[in-house]
Structures are given as C-alpha cells and as structure tokens.
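Heads up: the structure comes next, in structure tokens.
The values are calculated or read from the model by the stated rules, or taken from the named source; none is laboratory data. Please read these numbers as outputs of a predicted model, since none were measured by experiment. Glycine also receives a Cβ, built like all others from the backbone with ideal geometry; neighbour counts cover every protein chain displayed.
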Amino acid sequence: MNKTIKVAVALTAAGVLALTGCSSDSGSGGDAETIHLSAFSVMEAANEPVFDDFEDTDAGDGVSFEPSYGASGDQSRAVVAGSPADVVHYSLETDVTRLVDEGLVADDWKDNATKGIATSSVVVFVVRAGNPDGIETWDDLIKPGVEIITPNPGSSGSARWNILAGWAHATGGTDDEAAGKAYLTKLLNNTIALPASGREATTAFTDGSGDVLLSYENEAILAKQSGADIDYVVPPDTLLIENPAAVTKDAGTAAKAFLEFMTSTEAQEDYAQSGFRPVVDGVDVGEVDGANDPSDPFPTPDTLYTLDDNFGGWGEAADKFFGDGQEGKPLGIVTELQQNTGKEGEE
C-alpha cells in the first residue's frame, strides 16, 4: 500500500485494543474519551494522520485528541508541574524516566516489543539548496567560517542527539574524551544560534540563518515536503535517534490503545511518510516525498552509532554529558563546554 503522502513528523504503532466506554475527562461518565498527548515539537505535523487513522478503528471510535507540543525537556517538566497528559512521546528516554521518578509513569513502561520506542530517525546535516559549501562529513562542520545552527541541549532533546552524534564521530564510538572535547569545542565555536527546540532551530535555518542545521532526518524531510528550498546530507557515520512513548498511570483505556497503535504497521506507515524510520518490521514505506531518493528514503549509513552500544544508554549519558551541576554533582561535559565557549543558547 502506497499511502497518500501527508506532511508530518512522528509517533508509532502496533496493535489495537478493544475499547469499552470510558472517559479521561474528570467525572464526565460518557463514552467519549479525550486523549491528552504531551510530545516533542517535531511530532506536531506527523501526528495528524496517525490521529485520523486511530479514530477510524474500533478502539478510537469517538475519541478526540488534545495535544501539546514543545521542547522535549520542557514538555516533560510541564507534566511534572501538572500539565494534563495521558500519553507522552518525547525525544529522550530521560524525559520519560523523569515521570517515572515522579510516580506518574509505571516503571515497566519499556516492557513491550519495541522497548518503549515509538519513532526513530538519524542525525543529518540540513544545508542550502545545492549544498554550496560542500558539507558532506562531520569534519566539514568545523572548518573555519562554517555557521552552524543546532537546538540548545539545555532544553531540546534533538540537540542532545546532535551533539552526541558529533562526539561519536570524533571518538569513533570510544571513550576518547580528549578527542570528543576537542571536536565539540570547535563545533560550538562555529555555532551561531542555539534555539530552544528542534522546530525553532529549523525555522531559524529556513528563514535564512546559518550554513548548516544539525537536525533529525525526518525534520529535514518535512521541511522539504513543506516547500523549503533546502537539501540534507546523511553523513557516512551518524547516530540512531530513538524516541520513547508511554502512558501515564491515570490514562484511560483509549490512551492505552493509542500507545499500542503507535507502533502498528499502519501508524508506522504514516510516520514513514513524515520521514521517520519504522521501528517495527513489515512496514510498507512506499515512496516518501521530500527524501533525497523518494524510492529509497532511508539509506543505511556506513557506521550507525547507538546510545546503548556507544554511550551506555541514557541512564549513563545524561549526567555525564548534560548534567547541570545540581545536588553536588559535577557539570556534564557538554554543559561545561557550552559555558567555556559562551554558547549556552536559549533555554
């Protein structure tokens, strides 16, 4: 099935549960359920066809969505502060584990076929049309005069994937901190803007700032689908991006069914049309408008680093690289480098 291409950017699916009447609206007692979704910013367009397809299922009959989008870390902190959420879909695992630590999400949220991952992508370079600066590899980014835009690691999950992809390149996926720090110092020195979210970074670039944008592959594809006069490069070595999703403990039946649906082949086809790499087998991707090669939209990089294999997972990497120095802990490597270079960005 070659689905109609719809401009979008990410969630996932696998299986639909039977739904009996219930409501997440306090005390309403009716059959309709409203699902409050808290998600990172680049998911906004991608979710629309997924919502539509879920509403066409028995489990989604009569269901409505009230989504909220923003920088991944900001969204997670907002839920801790009381923002309503039945389903959460974030850029980073740590933004879900924050909710686990607060007692809002069950600690077994990863116990499913995709280990809690709903959408996937890789870090790419978004460049001006025709790639006039000839940017093809990570080493090209640190040449004198190259102006880089990337979101701020203090607020954006996308930024953290970008930065760690550069670190993995510089170290060859090893623990060579000297090489990693030297590379990231040059990268940050070439960075001219660190907007608060991945979506704000894309807007800054498409509005004319910078020579190259570090971004998700799906975000680059969406920009091209939306008419932006840009190209993108999948570098020979890059980092696999995996975005988690979970339900909160108070979520209703429909919300739980929707989380399952996100990793179904039907929803994954929707996400693929928005530029996300499927997280389950058996997805009929078809042609993807906006990809470098629509008929082969998701090429396999020569080297694909992962958080688990090369960084010990987010449980280890978060504090090591992005710690804020609170509670007597040392500053993270990237946090300290941002301070040293004066590139602390917008939070």
Of the residues Pro132, Pro153, which single one is assigned to a loop (DSSP other than H, G, I, E, B) and buried (at least 24 other Cβ atoms within 10 Å of the Cβ)?
Pro153
Subset of the range 90-105 (residues that are buried (at least 16 other Cβ atoms within 10 Å of the Cβ), of a type outside the set (A, V, I, L, M) and in contact with a helix residue (DSSP H, G or I) (Cβ under 6 Å, 6 or more places away or on another chain))
Tyr90, Ser91, Glu93, Thr94, Asp95, Arg98
Only one of Asp108, Asp86, Asp56 is out of contact with any helix residue (DSSP H, G or I) (no Cβ under 9 Å at 6 or more places or on another chain), farther than 30 Å from Asp289 by Cα, at pLDDT 95 or above and not β-branched (Val, Ile, Thr). Can you tell me which?
Asp108
The number of residues in the range 269-281 that are within 18 Å of Thr300 (Cβ to Cβ) and either more than 15 Å from the chain's Cα centre (by Cα) or free of Cβ contacts under 8 Å to residues at least 24 places away in the same chain (or both) is 2
Candidates Ser83, Ser158, Ser68 - the one that is assigned to a strand (DSSP E or B) and either under 21 Å from Val234 (Cα atoms) or not aromatic (Phe, Trp, Tyr) (or both)
Ser68
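For the subset of the range 113-135 comprising residues that are more than 17 Å from the chain's Cα centre (by Cα) and without any contact (Cβ under 8 Å) to a residue 40 or more places away in the chain, which member is nearest to Lys224 (Cα to Cα)?
Pro132
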So which residues in the range 258-279 are out of contact with any helix residue (DSSP H, G or I) (no Cβ under 6 Å at 6 or more places or on another chain) and over 19 Å from Tyr216 (Cβ atoms), if there are any at all?
Leu259, Glu260, Ser264, Thr265
Picking from Ser209, Ser197, which residue would you name as being modelled with pLDDT under 95 and small (Gly, Ala, Ser)?
Ser197
Considering only residues that are at pLDDT below 95 and not polar (S, T, N, Q), look in the range 59-83 and name the one that is farthest from Phe322 (Cα to Cα).
Gly70
When every residue in the range 225-256 that is under 17 Å from the mean Cα position of the chain (by Cα), of a type in the set (Val, Ile, Thr) and assigned to a strand (DSSP E or B) is compared, the one farthest from Asp58 (Cα to Cα) is Thr238
